[in-house]
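Below is one structure, written out as C-alpha cells; comments come after it.
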Protein chains: 2
Amino acid sequence: MSEVLDGSDLKVIAFDVFGTVVDWYSGIAAEAERILPGIEGGAFALAWRAGYQPAMRSVMERLAAGEGGFTLLDELHMGILEGVLRDFGVSELDSVRKRELNKAWHRLPAWPDAVAGLARLKSRYIICTLSNGNIGLLTEMAKRAGLPWDCVLSAEVFKAYKPDPRTYLGVAAVFDVTPNQVMLAAAHHDDLAAARTCGLRTGYIERPNEFGPARPKDVSPHSDNTLHARDIGALADLLGC
Amino acid sequence: MSEVLDGSDLKVIAFDVFGTVVDWYSGIAAEAERILPGIEGGAFALAWRAGYQPAMRSVMERLAAGEGGFTLLDELHMGILEGVLRDFGVSELDSVRKRELNKAWHRLPAWPDAVAGLARLKSRYIICTLSNGNIGLLTEMAKRAGLPWDCVLSAEVFKAYKPDPRTYLGVAAVFDVTPNQVMLAAAHHDDLAAARTCGLRTGYIERPNEFGPARPKDVSPHSDNTLHARDIGALADLLGC
C-alpha cells in the first residue's frame, strides 16, 4: 500500500452514494413491487435509473445557460417517475403513493460491506458523501441504513452537480485541505476521472451487480485510479484501517 | 408533555451549537493557556467571543449590500483573533501557531449531557446542527467530541447567517417538512425568537455557565418557548425519548 499511497497524508474520503454505497437496483425493485403489485421491479428500477443521466444533463444545461435554478434530485426523480409510470401502463397512482414511491430513493439498502467498512475508515479519516442526491435524501438514507457519515455533502451544498469541478474541489475547501488530501471513492470510472482532473485521489469500488445480477458490470481496473478495491471493507484494508 | 407539544408531529430538532451543545468558554480558555503560556485563558475566551457579534453584523451588512461574498466563521474568527492578540500584548505568534489557535473552535468540548442526550433524541427525530459555524468546523468538532448528528447544517449551506429566515426555513425545506415540524434548540433567546417568527417550535436549553462560572447567565424561562429544559438530557425527557 505504501508505494501506492501514503495514507498518512490523506485526510478525507468522499463517497459517491448510488451504486457505490447503496444498492439502488434491489431497493427500487423491491419498493416498486410493493407499491405497484404486478410490476416487474427490476425492469422498473432500470427504467427509472436510465432516466437520470438525460434529466441531469438537461438540468445542467439549463443551469449553465442561466435559465433555471438548482433542482433537487427528489424533483428530478419525480419528473422521471411520471414517464416511467406511463411506460409501464400505471395510470391510477394517487399523489400520496407516488410521493411514497419517489422517496424509495431515501430508503435504499446499503451494500452488505458498507456500514462496517465505513466505520473502519471513519476511525482514521473524515468520511462524507459526495452525491448529486439532495441533503434530505442522503440524511434519511444514512439514518435508516446506519451509514456513519461524519458529514453529508451534496450537489445541494455546492449548487453544482458532479462532474462539475466545484463539487470535488468543494470537498477540499470545506475541510481546508489540498485536493490530493481527498479521495473520491466510487463505482463509476467517469466520476473518478473527473475527480482526478481536479487533483483528488481516486478509489474504485467494484459493484458488479449494480444493475442487477442479470446484467453484470465490467469491473476491471483502470490503472489511473490510486486504488482498486472489491468493496468498502477492502478499501479499508488497502488504507491500513 | 402532551399538553405542551404533540411530539409525534415533530420530525427534526436543529441545534444551535456554540454555548448550547459545546462549552466554548472552557475550550477556548484551555487552548489559549496551552498555546499562549501566561495568558489568562478565561479573559481571552471572553474577549474573542465578544468580537463575534460585531464582526458578524458587519459581514451581514456587507452581504446585504452586495459588497462581499459569504465569509466562513474560521475567517471571521481569525480576523477577531488578530485584534485580541494585540489587546493581550501577544506580538510574536507565528502563522502556524495562530492557525492552530484559531482552530481551537474545532476542538471545543461538549457539555457533559450533550452526547447521551443527542443519542436519545436521535432515536426518534432527525437531529442536525444549525449554526453560523462552517461545515468543516462543525464536522471536525462532532468527530472529536462524538456528537452523533444525522446531518451538519450550517449558514454555509444556506449562504445566509442566523437570524436570517432562510436558515430556519432552510432546515424545513431540506427535510421536506413544515416549519412547525422543526424545533430549534438553543441556549439563546434571540435565536429562538427568530426561529419562532418563521414558525418553528423552540426549546430553550439552560447553560448558566456559558460565560464561565464567574459570570452566571440568567436562564429563567420565556413563556414564548415551546419547551424549557435544564440540558439536552432534560429535553429528551420532555420529548419522551
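Readers should treat all values here as calculations from the given coordinates under stated rules, not as data from a laboratory. The structure displayed is predicted, hence computed values, not measured ones. All Cβ positions, even for glycine, are placed from backbone atoms using ideal geometry, and neighbour counts span all protein chains on display.
Closest approach to the axis carrying A onto B, counted by Cβ on chain A and given in whole Å with its residue, is A:V157, 3. Each copy carries a label point for A:A214 at 7 Å from Cα along the beta-carbon vector; from one copy to the others these points are 7.5 nm apart, nearest first. For chain B, what is the percent of antiparallel DSSP beta bridges, rounded to the nearest 5? Once the DSSP bridges in chain B are tallied, antiparallel ones form about 5 percent. Across all Cα pairs in the protein assembly as shown, the calculated P(r) in 20 Å bins from zero up to the longest distance comes to 22, 54, 22, 1 percent per bin.
With both bridge residues required to lie in the protein assembly as shown, what share of the DSSP beta bridges run antiparallel, to the nearest 5%? Please report the intermediate quantities before stating the final value.
On the way: 2 of 42 bridges.
The answer is about 5 percent antiparallel.
Placing a label point 7 Å from the Cα of B:R166 along the Cα-to-Cβ direction, the residues of the stretch A:65-83 with a backbone N closer than 16 Å are A:69-71. By the rule of a second cysteine Cβ within less than 4.7 angstrom, the protein assembly as shown holds isolated cysteines at A:C198, A:C241, B:C198, B:C241. Work through the residues other than B:E140 whose Cβ is under 12 Å from its Cβ and net out their charges, Lys, Arg +1 and Asp, Glu -1. That works out to +2. The mean sequence distance of close C-alpha pairs (under 8 Å, at least 6 residues apart), as a share of the length of chain A, puts its relative contact order at 24 percent. Distances, shortest first, from the label point of B:T197 to those at the same position in the other copies read 4.5 nm; the point lies 7 Å along Cα to C-beta.
Computed from phi, the 3J(HN,Hα) profile of the stretch B:12-25 under the Karplus parametrisation 6.51, -1.76, 1.60 (θ = phi - 60°) reads 10, 10, 9, 10, 4, 10, 5, x, 8, 10, 10, 9, 5, 4 Hz, with x in place of Gly and Pro. Stretched out straight at 0.36 nm per residue, the stretch from B:A119 to B:E100 would grow longer than its current Cα-Cα span by 3.8 nm.
The mean number of Cβ atoms from other chains found within 10 Å of a Cβ in peptide B:171-178 is 4, as a whole number. Amide H of B:L153: which non-local residues (sequence gap of 5 or more, or other chain) have their own amide H closer than 5 Å, using H built in the peptide plane? It is B:T129, by chain and number. Once the Cα-Cα distance is subtracted from the 0.36 nm per residue extended length, the B:E92 to B:R230 segment shows a gain of 45.4 nm.
What number, in percent, do you get for the relative contact order of the stretch A:25-107 if the mean sequence gap of Cα pairs under 8 Å and at least 6 apart is divided by its residue count? Don't jump to the answer; show the numbers that get you there.
Details: 61 pairs, mean separation 27.9, N = 83.
Answer for the stretch A:25-107 is 34 percent.
Which of the residue pairs A:K98/B:K143; A:K98/A:K159; A:K11/B:K11; B:K98/B:K122 have a Cα-Cα distance greater than 31 Å in the structure shown?
Working: A:K98/B:K143 37 Å; A:K98/A:K159 27 Å; A:K11/B:K11 33 Å; B:K98/B:K122 36 Å.
Pairs exceeding 31 Å: A:K98/B:K143; A:K11/B:K11; B:K98/B:K122.
Take peptide B:143-151, look around each residue's Cβ out to 10 angstrom, count Cβ atoms belonging to other protein chains, and average those counts.
Working: counts 6, 0, 0, 0, 0, 1, 5, 7, 11.
The mean count of partner-chain Cβ atoms within 10 Å per residue comes to 3.
Neighbour counts of other Cβ atoms within 10 Å put A:M183, B:M60 in the fewest-to-most order B:M60, A:M183. Spin-label model, B:N180/A:E67: points 7 Å from Cα along the beta carbon direction are separated by 4.1 nm. Size check on chain A: the Cα extents along the three principal axes, sorted descending, read 58, 41, 30 Å. Leaving out same-chain residues fewer than 8 places away, which lysines sit with a Cα under 27 Å from that of A:K217? Result set, ordered by chain and number: A:K103, A:K162.
Rounded to the nearest whole angstrom, the semi-axes of the ellipsoid equivalent to the stretch B:31-105, taken from the Cα gyration tensor as √(5λ), stand at 25, 12, 10, largest first.
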